[in-house]
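Working notes, beginning with the structure itself.
The values are calculated or read from the model by the stated rules, or taken from the named source; none is laboratory data. Note that this is a predicted model, so its numbers are computed, not measured. Quick reminder, even Gly has a Cβ in these numbers, built from the backbone with ideal geometry, and neighbours come from all protein chains shown. All accessible areas refer to the heavy atoms of the entire protein, side chains included, with ligands and DNA or RNA removed. Shrake-Rupley method; radii C 1.70, N 1.55, O 1.52, S 1.80 Å.
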Number of protein chains: 2
Amino acid sequence: MSRQKARRESQLLDAATHLFREKGYHNTSMQDLADALGIQKASLYYYVESKEELLLRLLERGSSLLGARIDQIYAADLPPVEKLRRVLENHAMTVMEHLNLISVYIQEYRRLPPERLGEVLAERKHYEQVLMRILEDGIASGDFRPVNVKIVMLGVLGMLNWVHQWFSPAGELSPQEIATILTDLVLRGVLAGSGEGRD
Amino acid sequence: MSRQKARRESQLLDAATHLFREKGYHNTSMQDLADALGIQKASLYYYVESKEELLLRLLERGSSLLGARIDQIYAADLPPVEKLRRVLENHAMTVMEHLNLISVYIQEYRRLPPERLGEVLAERKHYEQVLMRILEDGIASGDFRPVNVKIVMLGVLGMLNWVHQWFSPAGELSPQEIATILTDLVLRGVLAGSGEGRD
């Protein structure tokens with residue numbers, strides 16, 4: 001790929017991220033994208049076959065970003081508590097640092113038929129499974145209380161994904177501060193012997 | 001309102017809930033709604049002015065359901081832990097028991113301009129404030145550790161709202177079991193003296 005083509009493609013993905021977040025995938029036309037890049041609509045098709053393909057590439061980007069560190073963290077020689085902390089902080093930070101991209105990832109992935117989402121769904125499934133394995137390891141080691149790992153995993157990812165709905169870079173707290181508060185909440189929630197729980 | 005008109009309106013709201021969830025608000029036409037009810041499209045306008053008005057009524061319904069018990073729970077003579085448990089369980093149960101309506105509420109409310117959402121936004125703000133007040137009361141009484149109540153409130157509502165994305169009535173666990181798991185996670189997460197937190 002020529003350097004110019006690569007740069008254009010990167011600009012196109014950035015423009016699509018911005019427009020899909022702002023107006024929604026459905027309401028963004030190829031014409032809008034061409035206008036944002038200052039090129040002819042016909043030229044767009046040199047870089048991307050369709051709006052669908054563009055969305056797919058953004059979903060792959062978002063999915064790779066979220067999953068980038070999961071295997072490394074799992075493989076590290078660390079206690080389950082520390083692995084869980086790192087996965088959760090990393091997830092929260094990724095959502096806040098790539099707010100537009102992750103918002104598109106979270107809100108628009110159902111626009112594509114599951115058969116086009118192969119890679120993206122496989123990565124997500126892998127991510128969920130590693131997270132559950134960390135919880136299981138922590139239960140086995142006695143660090144965590146015996147929670148239902150699937151429901152806790154779903155609940156925790158929901159909390160962290162939802163951050164894209166309310167996080168504002170202009171807010172009082174930094175992404176790191178927010179990530180720490182949410183991570184602490186979950187860690188204390190699963191630690192063995194932590195409080196009385198239901199009384 | 002005649003009894004027939006009331007019945008028709010109720011059928012219309014149910015059909016809209018179903019279609020907006022299934023196809024999305026954007027992709028549902030007044031014609032689709034008329035077809036679902038087996039009436040002429042022109043007759044629809046006897047019951048509702050526009051698709052926008054229909055969405056607004058659904059958002060009001062969802063908002064009322066979620067907020068229905070919050071004031072009663074807050075006013076009850078109960079310790080903060082118990083109030084928090086009831087609010088969270090009630091929220092989770094409402095999401096799961098009114099899955100289609102709450103999904104529409106959560107996913108589509110941004111389709112309407114804020115100035116049309118007056119009541120809905122006011123109710124949501126009130127709900128969030130009462131939840132923060134319960135957290136503050138618990139911190140003041142020493143039951144909860146001194147958390148950032150705003151971030152915890154946003155995190156917890158995110159976790160509970162997100163349930164609409166993954167809950168399946170055909171799943172292994174009942175709504176009550178799921179609500180209990182998620183509520184316990186949060187309660188243990190905020191209880192004072194619960195575990196070591198960050199080590």
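Between A:GLN4 and A:LYS41, the contour length at 0.36 nm per residue exceeds the Cα-Cα span by 11.6 nm.
Under 5 Å from the amide H of A:PHE144 lie the amide H atoms of A:ILE139, A:ALA192, each residue being 5 or more positions distant or on a separate chain, with H modelled from the backbone and absent for Pro and chain starts. Can you give the Rg to Rh ratio of segment B:58-190, both from alpha-carbon atoms, with Rh computed by the Kirkwood formula? Using Cα coordinates only, the ratio equals 0.96.
If R0 is taken as 35 Å, the Cβ-Cβ distance between B:GLU97 and A:GLN11 corresponds to a FRET efficiency of 0.15. Using a Gaussian network model of chain A in which every pair of alpha carbons under 10 angstrom is joined by a spring, one finds that among A:LEU33, A:LEU58, A:LEU154 the greatest mean-square fluctuation is at A:LEU154. Spin-label model, A:ALA76 to A:ARG116: label points 7 Å out along the Cα-to-beta-carbon direction sit 3.7 nm apart. Position B:HIS18: other-copy label points at 4.3 nm, ordered by increasing distance, label point 7 Å along Cα→C-beta. A dipole drawn for segment A:1-143 from +1 and -1 charges on Cβ atoms has a positive end, and of A:LEU131, A:ILE70, A:LEU112 the residue lying farthest that way is A:LEU112. Residues considered: B:LEU78, B:LEU44, B:LEU12. Largest GNM mean-square fluctuation over chain B, using C-alpha springs under 10 Å, is found at B:LEU78. List for segment A:172-186: residues with 50 Å² or greater reduction in accessible area, all protein chains versus chain alone, probe 1.4 Å? When all protein chains are present, A:ILE181, A:LEU185 each give up 50 Å² or more of accessible surface.
Dipole check for chain B: with +1 at the C-beta of Lys and Arg, -1 at the C-beta of Asp and Glu, and the Cα centre as origin, the magnitude is about 480 Debye.
Taking B:GLU172, B:GLU128, B:GLU52 in turn, the Gaussian network model of chain B (Cα-Cα springs below 10 Å) assigns the largest fluctuation to B:GLU172. Per residue, the Cα convex hull of the protein assembly as shown amounts to 175 Å³.
Run the paramagnetic zone check for B:GLU172: 7 angstrom along Cα to Cβ, then residues of segment A:112-137 with backbone nitrogen under 15 Å. Zone members listed by number: A:129, A:132-133, A:136.
Based on the Cβ-Cβ distance of B:ARG133 and A:GLU52, what FRET efficiency does E = 1/(1 + (r/R0)^6) give at R0 = 41 Å, to the nearest 0.05?
Numbers: r = 46 Å, r/R0 = 1.13.
Given R0 = 41 Å and the Cβ-Cβ separation, E is 0.30.
Buried accessible surface for the B/A pair, both sides summed and rounded to the nearest 100, is 3800 Å² with a 1.4 Å probe. Accessible surface for the protein assembly as shown, divided over its residues, is 46 Å² per residue with a 1.4 Å probe. Full extension of the chain between B:HIS126 and B:HIS18 gives 36.1 nm of extra length, using 0.36 nm per residue less the Cα-Cα distance.
Helix by helix, which DSSP H runs in chain A go 15 Å or more along their axis at the Cα atoms and have an average Kyte-Doolittle hydropathy of -0.5 or more? Qualifying helices: A:51-67, A:80-97, A:118-140, A:149-166, A:175-190.
Distance between the modelled labels on A:SER141 and B:ALA140, one decimal in nanometres: 4.1 nm (7 Å Cα→Cβ projection). Distances, shortest first, from the label point of B:SER50 to those at the same position in the other copies read 3.2 nm; the point lies 7 Å along Cα to C-beta.
From its DSSP helices (H runs of at least four residues, each -39,500 (n - 2.57)), chain A gives a residue-normalised ellipticity at 222 nm of -23500 deg cm²/dmol.
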